[in-house]
Amino acid sequence: MKEISLVVPMYNEEEMIPLFFEEINKVLNKLVDYKFEIVCVNDGSKDNTLSLLKKKRQEQSNIHIVSFSRNFGHESAVAAGIKAARGEAVIVMDADLQDPPKLIPELINKWEEGYQVVNAKRVDRKKDSWMKRNTAAAFYKVISKLSGKTKIPENVGNYRLLDRVVVDQVNLLKEKNRVFRVMVPYVGYKVIDVEFKREERPKGKTHYNYKSMFTLAGNSITSASIIPLKWSFKLGIFLTCLFSVLFVADITLWVISNFINWPLDVIPYDTLAIIFSMFLCLGILLFFIGILCEYVGRIMIETQDRPIYYVDEDIKAD
Ligand code: UDP
Ligand code: MG
């Protein structure tokens with residue numbers, strides 16, 4: 001019998017745990033041709049998530065608990081989960097039922113058809129706020145421009161099924177700046193999308209605010225591409241050419257106005273314009289130094305080579 005692992009990162013999800021297992025078991029119990037292992041990664045929860053998981057583990061022996069020494073973040077939890085998973089296929093999903101368990105049979109069917117990555121793709125974002133919808137759309141536009149040959153699918157979060165081959169390849173990627181939704185498309189293989197409507201969280205609250213969304217966007221971009229580092233080079237060439245032309249034009253006009261005695265106004269060098277240009281140049285410079293720092297900071301993290309999580313307890317499934 002084929003075994004499939006579910007990987008579920010959990011941070012302060014005590015309210016969701018009973019509901020999650022109720023819903024997931026309903027779906028898994030119908031899939032009698034497969035054996036399931038549920039890898040729950042407790043990402044340093046401060047509430048009763050771990051004790052509830054342990055209690056559940058006593059009733060249900062297919063639960064594998066990986067518990068971190070502290071909160072390391074969603075990406076670290078996913079990384080630990082897919083490393084611990086032993087199934088022939090691995091499904092990564094959130095604990096809050098926003099990734100609907102009822103989609104699992106469809107993900108498995110596509111896998112059985114021979115697809116090695118089955119993405120769950122959101123079809124509507126009507127329930128998201130205007131701001132979230134538009135920042136997400138802008139993010140996908142930018143990342144698809146920057147990621148080159150790696151096609152990062154739009155509106156696909158972490159919810160997806162990976163074949164063992166893909167899981168092994170993702171596990172082999174060494175980077176510390178791990179963004180699951182960038183790493184999976186990077187390794188490639190046969191991919192298909194399955195569409196679904198994302199529901200609202202029934203209990204608990206989101207751990208992502210706008211600041212963490214921007215951090216994720218920054219991590220995704222620096223993980224997917226080095227193109228932003230080349231922008232300053234291109235802009236530098238453009239500005240140098242532009243100002244050279246303006247300078248030559250200005251000198252020419254000055255020469256004409258002096259020698260032919262033709263009263264032409266050359267470019268107005270008033271103080272305000274000079275101050276404005278200085279601040280503009282400073283802004284542009286700081287912007288590009290900022291981009292550089294984003295990459296340099298990550299080089300530092302990669303060279304430090306610290307583990308991205310520490311496991312405190314590891315209770316395996318039977
Ligand atoms: N999560 C985690 N570590 C964190 C933050 C979140 O493991 O530091 C888990 C969380 O328990 C949930 C999943 O990651 O299972 C997605 O989090 P959330 O629902 O808050 O994100 P959203 O759906 O709002 O993007
Ligand atoms: Mg959620």
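For the reader, a short list of remarks on this structure follows.
- Only one of 160, 181 that is in a helix (DSSP H, G or I), within 16 Å of ligand 1 (Cβ to nearest atom) and at pLDDT 90 or above: 181
- Out of 174, 151, sole residue that is under 23 Å from residue 301 (Cα atoms), part of a loop (DSSP other than H, G, I, E, B) and at pLDDT below 95: 174
- Qualifying residue in the range 29-38 (condition: on the phi > 0 side of the Ramachandran plot and either touching a Cys at 6+ places or on another chain (Cβ under 6 Å) or in contact (Cβ under 8 Å) with a residue 24 or more places away in the chain (or both)): no
- Whichever residue in the range 184-200 is surrounded by fewer than 16 Cβ atoms within 10 Å (Cβ to Cβ) and among the basic types (Lys, Arg) and, among such residues, is modelled with the lowest pLDDT: 197
- Residue tally, condition surrounded by fewer than 13 Cβ atoms within 10 Å (Cβ to Cβ) and within 23 Å of the chain's Cα centre (by Cα), over the range 228-247: 2
- When the residues of the range 1-51 are filtered to those that are of a type in the set (Val, Ile, Thr) and outside any strand (DSSP E or B), the one that is nearest to residue 99 (Cα to Cα) is 24.
- From the list 90, 78, the one residue that fits, being closer than 29 Å to residue 313 by Cβ, within 15 Å of ligand 1 (Cβ to nearest atom) and crowded, with 21+ Cβ neighbours inside 10 Å, is 78.
- Top-ranked residue in the range 93-145 [being of a type in the set (Ser, Thr, Tyr) and away from ligand 2 (no atom under 16 Å from the Cβ); ranked as modelled with the highest pLDDT]: 115
- Among the residues of the range 7-58, those that are within 16 Å of ligand 2 (Cβ to nearest atom) and among the aliphatic types (A, V, I, L, M) comprise 7, 8, 10, 16, 17, 19, 24, 41.
- Residues in the range 131-148 that are of a type in the set (Gly, Ala, Ser) and part of a helix (DSSP H, G or I) were compared, and the one that is surrounded by the most Cβ atoms within 10 Å (Cβ to Cβ) is 136.
- Among residues that are more than 30 Å from residue 151 (Cα to Cα) and more than 16 Å from ligand 2 (Cβ to nearest atom), residue 68 is included.
- Qualifying residue in the range 168-177 (condition: away from ligand 1 (no atom under 16 Å from the Cβ), surrounded by fewer than 18 Cβ atoms within 10 Å (Cβ to Cβ), among the acidic types (Asp, Glu) and more than 23 Å from residue 309 (Cβ to Cβ)): no
- Among the candidates 205, 211, residue that is surrounded by fewer than 18 Cβ atoms within 10 Å (Cβ to Cβ), over 22 Å from residue 142 (Cα atoms) and without any contact (Cβ under 8 Å) to a residue 60 or more places away in the chain: 205
The values are calculated or read from the model by the stated rules, or taken from the named source; none is laboratory data. All of these numbers come straight from a predicted model, not from anything done at the bench. Here Cβ is always computed from backbone atoms with ideal geometry, including for glycine, and neighbour counts include all displayed protein chains.
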